[in-house]
Amino acid sequence: MNARAPKGTADMLPEVARTWEHLQRTAQTLFARYGYAPVYTPLFEHTEVFTRGIGEATDIVSKEMYTFQDKGGRSITLRPEGTASVVRAALEHNLTANGQSAKLYYAGPMFRYERPQKGRMRQFWQIGLEALGMPEPSLDAEVIIVLMRFFDELGLPRENMRLLINSMGDEACRPVYRDRVASFIREHSDGLCEECNRRAETNPLRAFDCKNPQCSQIMSEAPLLRDELCDDCAAHYATVKRLLDAAGVSYIEDPSLVRGLDYYTRTVFEVQVDAGLGSQNAIGGGGRYDRLMQEYGGPATPGLGFALGFERTMLAMQAAGVIVPGPALAEVYVALVEPSLADAAFTLAQELRDAGIAVEMDHQGRSLKSQFKQADRLGARVVAIVGPEEIAAGEVTLRDMTTKEESRVSLGDIAGQARTLLG
Ligand code: AMP
C-alpha cells in the first residue's frame, strides 16, 4: 500500500495542530464579542449547492471540485468553501425568516483540486464567519474589522498586512459594467490570452485576476466599476470606508479586486501578506453576497462574510516570528529511583493530574538519568523523585528544575507544593 497522505493534503502533527487550536480559540473568543455563534455544516453537500451558489463559470466549480456519485446515485461534492453551506443551512432551518438576522462562524477543512504549492493545498483549513439578514454598510465594516482584529490578536504586525477593498456593484450597475468589460476584452482580443478571451463570454470580470503580465497590462486600461457604481452602491461603499477610517483600519482601494466567486455584490475585500507566502499571498478575504439565498430559491436575504486560511496564516505568523504559546507537555515529571516503586509513582501521578496538573512519568523502567532527560524534553519545571527512602517516610523529593533546589515533601502536600513551585 501507499503509506503517504494524498498529494495536496498534510497530517496536522501536534505542533501544527496546537497552532490550529490556538487560532480556533482566538476566533471563538473574538467572534463572540461581536455576537457570532458557532455552526457546523456537513463536509459534503449536494453538488448543486456549489454550482448554483458559487457559479458554473468560476475556477472552483469548473475545475476544482471533488465531486462524486454516492451509492444512491446522488451527485455529492466535498465543500470547497464554507459560505454556500452556511447559507443553505440558514435557509433550510429558517434562521433568517421574518426579518431575523443570524451571525455565524465556522472552522474546518475545505477541499479544492488545485495544483499544490506553498500555501496551496487540496485539503486546507479555514475559519470564517457570515452575517445574514442585514443589508447595512455598518455590517460590512464590522466584518472587515473582525478579520483585521483576528490577525491583530494572533500577533501579526499590521505593517506586514495589506487590506484591499472594492465594490462590485449590485444588480442595477454590475450587468451594465460586465457588458462593458466584455466589450473591452473583445476589442483587445489580440493581446489577451485565450482564457481571457473565453472569459468575455463566461465571466468577464475574472480577466482582472489573470496572472499573465500582458493581460494584466491590458486590463489595467479596462473601465473600472468604481466609476460606474449606481448611487446606492456608491453611498454604501462610502459609508463602509468612513466606518473603517473611524476604526483606524487602513485599507487600499483596489478597483481590480473582483475575487473568484460569482455571488459577490457590493463590498469585497482581501488581506494580503508578502513575507513567507510567495505567490499565494492572500490570507483571508470575503465580501457581500446579497443575492445568494435567492439563488437557492429562498427569499431575498442579504449577507456577507469572510474566510481566512489556516496554512497561509501560519506561514505568515512564522515569517513574522510569532510564537504560539503552547502548554508544557508536562508540568511535573514523576521519576522513579527503581522499578519496584512503579505503583507508588503511578498513584502519585494520578493524584497530581486529578489536582489539575499536567504530569508525565516513566512506564518503561528507564534509568533515572534518562528520566531526567525526558523531563527536560517535555519542559517539566518540577520533578517529583520517588525513592525507597522517601516512600518509606511517606514523602517524595520535589526538584525545581529551574533553581535545581530540592526539598522533601510529605505525600499529602505534594499537589500544593508543586503548584507553588510552578508559580
Ligand atoms: P477563498 O475562499 O478562495 O477566498 O479563500 C479564503 C482563504 O482560504 C484564502 O485567503 C486562503 O488563505 C485560503 N485558501 C484558499 N484556497 C486555499 C488552498 N488551496 N490552500 C490553502 N489555503 C487556501
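The values are calculated or read from the model by the stated rules, or taken from the named source; none is laboratory data. Keep in mind it's a predicted model, so treat the numbers as computed, not measured. Cβ: placed from backbone, ideal geometry, glycine included. Neighbour counts: every protein chain shown. For accessibility, only protein heavy atoms count, side chains too; no ligands or nucleic acids. Shrake-Rupley method; radii C 1.70, N 1.55, O 1.52, S 1.80 Å.
From the residues in the stretch 301-315 that are open to solvent by 10 Å² or more (accessible area, probe 1.4 Å) and of a type in the set (A, V, I, L, M, F, W, C), which one is farthest from His93 (Cα to Cα)?
My answer is Leu315.
As an exercise: evaluate Arg180 against (1) touching an Asp or Glu at 6+ places or on another chain (Cβ under 9 Å); (2) under 22 Å from Ile54 (Cα atoms) and give the number of the one condition it does not meet.
It is condition (2) that Arg180 fails.
Of the residues in the stretch 1-22, how many are closer than 28 Å to Gln318 by Cβ and in a loop (DSSP other than H, G, I, E, B)? Quick ask: steps written out before the conclusion?
Of the stretch 1-22, the ones closer than 28 Å to Gln318 by Cβ are 3-22.
Retained after the next criterion (residues that are in a loop (DSSP other than H, G, I, E, B)): 3-13.
Of the residues in the stretch 1-22, 11 are closer than 28 Å to Gln318 by Cβ and in a loop (DSSP other than H, G, I, E, B).
Conditions (1) open to solvent by less than 40 Å² (accessible area, probe 1.4 Å); (2) of a type outside the set (Ser, Thr, Tyr); (3) touching a residue at least 24 places away in the same chain (Cβ under 8 Å); (4) within 12 Å of the ligand (Cβ to nearest atom), marked per residue:
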{"site": "Gly55", "(1), (2), (3), (4)": "yes, yes, yes, no"}
{"site": "Thr77", "(1), (2), (3), (4)": "yes, no, yes, no"}
{"site": "Val87", "(1), (2), (3), (4)": "yes, yes, yes, no"}
{"site": "Leu91", "(1), (2), (3), (4)": "no, yes, yes, no"}
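Do we find that Ser340 is in contact (Cβ under 8 Å) with a residue 24 or more places away in the chain, open to solvent by 50 Å² or more (accessible area, probe 1.4 Å) and of a type in the set (S, T, N, Q) in this structure? Lay out the reasoning, then the answer.
Numbers: in contact (Cβ under 8 Å) with a residue 24 or more places away in the chain: yes; open to solvent by 50 Å² or more (accessible area, probe 1.4 Å): yes; of a type in the set (S, T, N, Q): yes.
Against the criterion (in contact (Cβ under 8 Å) with a residue 24 or more places away in the chain, open to solvent by 50 Å² or more (accessible area, probe 1.4 Å) and of a type in the set (S, T, N, Q)), Ser340 qualifies.
Only one of Leu139, Leu164 is among the hydrophobic types (A, V, I, L, M, F, W, C), over 14 Å from the mean Cα position of the chain (by Cα) and away from the ligand (no atom under 16 Å from the Cβ). Can you tell me which? Break it down into steps so the answer makes sense when it comes.
Details: Leu164 fails: away from the ligand (no atom under 16 Å from the Cβ).
Only one candidate qualifies: Leu139.
Is it fair to say Ala345 is surrounded by 17 or more Cβ atoms within 10 Å (Cβ to Cβ), in contact with a Phe, Trp or Tyr (Cβ under 9 Å, 6 or more places away or on another chain) and at pLDDT 95 or above? Give the steps one after another, and end with the answer.
Details: surrounded by 17 or more Cβ atoms within 10 Å (Cβ to Cβ): yes; in contact with a Phe, Trp or Tyr (Cβ under 9 Å, 6 or more places away or on another chain): no; at pLDDT 95 or above: yes.
Spelling it out, it is not the case that Ala345 is surrounded by 17 or more Cβ atoms within 10 Å (Cβ to Cβ), in contact with a Phe, Trp or Tyr (Cβ under 9 Å, 6 or more places away or on another chain) and at pLDDT 95 or above.
Could you run through the stretch 231-260 and say how many residues are within 15 Å of the ligand (Cβ to nearest atom) and touching a Phe, Trp or Tyr at 6+ places or on another chain (Cβ under 8 Å)? Walk me through how you get there before you give the answer.
Filtering the stretch 231-260 down to residues within 15 Å of the ligand (Cβ to nearest atom) leaves 254, 257-260.
Okay, now just the ones that are also touching a Phe, Trp or Tyr at 6+ places or on another chain (Cβ under 8 Å), so 257-258.
So the count comes out to 2.
Working only within the stretch 147-157, note down all residues that are surrounded by fewer than 20 Cβ atoms within 10 Å (Cβ to Cβ) and touching a residue at least 60 places away in the same chain (Cβ under 8 Å). Break it down into steps so the answer makes sense when it comes.
First pass over the stretch 147-157, keeping only residues surrounded by fewer than 20 Cβ atoms within 10 Å (Cβ to Cβ): 149, 152-153, 155, 157.
Correct list: Arg149, Glu153, Gly155, Pro157.
Of the residues Arg408, Arg399, which single one is crowded, with 18+ Cβ neighbours inside 10 Å, over 30 Å from Glu159 (Cβ atoms) and of a type in the set (Lys, Arg)? Outline the logic, then answer.
Values: Arg408 fails: crowded, with 18+ Cβ neighbours inside 10 Å.
The match here is Arg399.
Under 7 Å between Cβ atoms, at least 6 apart or on separate chains: pull out the pairs that start in the stretch 301-320 with a residue that is away from the ligand (no atom under 13 Å from the Cβ) and part of a strand (DSSP E or B) and end on any residue that is open to solvent by 30 Å² or more (accessible area, probe 1.4 Å) and not hydroxyl-bearing (Ser, Thr, Tyr).
Note: pairs meeting the criteria are Gly303/Asp290.
Restricting to the stretch 17-50, count the residues that are open to solvent by less than 50 Å² (accessible area, probe 1.4 Å) and within 16 Å of the ligand (Cβ to nearest atom).
Residues meeting the conditions: 9.
Of the conditions (1) of a type outside the set (A, V, I, L, M); (2) open to solvent by 40 Å² or more (accessible area, probe 1.4 Å); (3) more than 14 Å from the ligand (Cβ to nearest atom), Asp290 fails just one. Which one is it?
That leaves (2) as the condition not met.
From (1) modelled with pLDDT under 95; (2) open to solvent by less than 60 Å² (accessible area, probe 1.4 Å); (3) among the small types (Gly, Ala, Ser); (4) within 16 Å of the ligand (Cβ to nearest atom), pick out the condition that doesn't hold for Gly298.
It fails just one condition, (4).
Among residues belonging to the stretch 280-300 that are among the small types (Gly, Ala, Ser) and part of a strand (DSSP E or B), point out the one that is nearest to Asn98 (Cα to Cα). Can you show your working first?
Of the residues in the stretch 280-300, the ones among the small types (Gly, Ala, Ser) are 282, 284-287, 297-298, 300.
Now narrow it down to the ones that are part of a strand (DSSP E or B): 282, 284-287.
Details: Ala282: 37, Gly284: 32, Gly285: 29, Gly286: 26, Gly287: 24 Å.
Filtering the stretch 280-300 for residues that are among the small types (Gly, Ala, Ser) and part of a strand (DSSP E or B), the one nearest to Asn98 (Cα to Cα) comes out as Gly287.
Having 1 or more residues that are at pLDDT below 95 is the bar; report the strands (runs of 3 or more DSSP E) wholly within the stretch 23-86 that clear it.
Numbers: elements: 44-46, 67-69, 75-78.
Output list is empty.
List the number of the failed condition for Leu129; all other conditions in (1) more than 8 Å from the ligand (Cβ to nearest atom); (2) within 15 Å of Gly305 (Cβ to Cβ); (3) open to solvent by 10 Å² or more (accessible area, probe 1.4 Å) hold.
Only one criterion in (1) more than 8 Å from the ligand (Cβ to nearest atom); (2) within 15 Å of Gly305 (Cβ to Cβ); (3) open to solvent by 10 Å² or more (accessible area, probe 1.4 Å) is unmet by Leu129, namely (3).
Count, please, the residues in the stretch 114-134 that happen to be closer than 21 Å to Gln294 by Cα and under 18 Å from the mean Cα position of the chain (by Cα).
Quick first cut of the stretch 114-134, residues closer than 21 Å to Gln294 by Cα only: 129-134.
Add one more test, that the residue is under 18 Å from the mean Cα position of the chain (by Cα), and what stays is 129-131.
Final tally of qualifying residues: 3.
Within the stretch 112-122, is even one residue touching a residue at least 12 places away in the same chain (Cβ under 8 Å), open to solvent by less than 30 Å² (accessible area, probe 1.4 Å), in contact with a Lys or Arg (Cβ under 7 Å, 6 or more places away or on another chain) and in the same structural domain as Gln272 (by TED's automatic domain parsing)? Show your work before the answer.
First pass over the stretch 112-122, keeping only residues touching a residue at least 12 places away in the same chain (Cβ under 8 Å): 112-114, 116-122.
Filter again for open to solvent by less than 30 Å² (accessible area, probe 1.4 Å), leaving 119, 122.
Remaining after also requiring in contact with a Lys or Arg (Cβ under 7 Å, 6 or more places away or on another chain): 119, 122.
Going one step further and asking which of them are in the same structural domain as Gln272 (by TED's automatic domain parsing), we end up with 119, 122.
For the stretch 112-122, residues touching a residue at least 12 places away in the same chain (Cβ under 8 Å), open to solvent by less than 30 Å² (accessible area, probe 1.4 Å), in contact with a Lys or Arg (Cβ under 7 Å, 6 or more places away or on another chain) and in the same structural domain as Gln272 (by TED's automatic domain parsing): present.
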